[in-house]
Amino acid sequence: MPPVLIACPVTGDLVPTGETVASLEELEGEYLLIACSDCGRDHEWARAEAVIAAEYTD
């Protein structure tokens, strides 16, 4: 399954959340927490802010 990505609020770059799903509706909970691989900070993120890598186009 493709990875779920969010935009790092510090750098603006898309980063993986560590979740892999076929659909964002499969995520448990409305808000989740990640340790950002881009800036090193913890970020709380909402399902509505996420994209699935296979669906993302720039």
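Nothing in this text is a laboratory measurement; each read-out follows from the coordinates by a stated rule. Every value quoted in this text rests on a predicted model; they were computed, and no experiment measured them. Neighbour counts run over all protein chains shown; Cβ positions are idealised from the backbone, glycine included.
Values computed for the structure shown
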{"item": "Positive-end residue of Leu14, Ala53, Ser37, charge dipole of the chain with Cβ unit charges", "result": "Ser37"}
{"item": "Size-normalised alpha-carbon gyration radius of region 3-55, reference 2.2 N^0.38 Å", "result": "1.02"}
{"item": "Qualifying GluC sites (Glu not before Pro) for region 2-38 [loop in DSSP, other Cβ within 10 Å: at most 15]", "result": "Glu28, Glu30"}
{"item": "Length released on extending from Thr20 to Arg41, taking residue separation times 0.36 nm less the Cα-Cα span", "result": "5.5 nm"}
{"item": "Those chymotrypsin sites (Phe, Trp or Tyr not before Pro) in the chain that DSSP places in a loop and that have at most 12 other beta carbons within 10 Å", "result": "Tyr56"}
{"item": "Packing-based exposure ordering (other Cβ within 10 Å, fewest first) of Ser23, Ser37", "result": "Ser23, Ser37"}
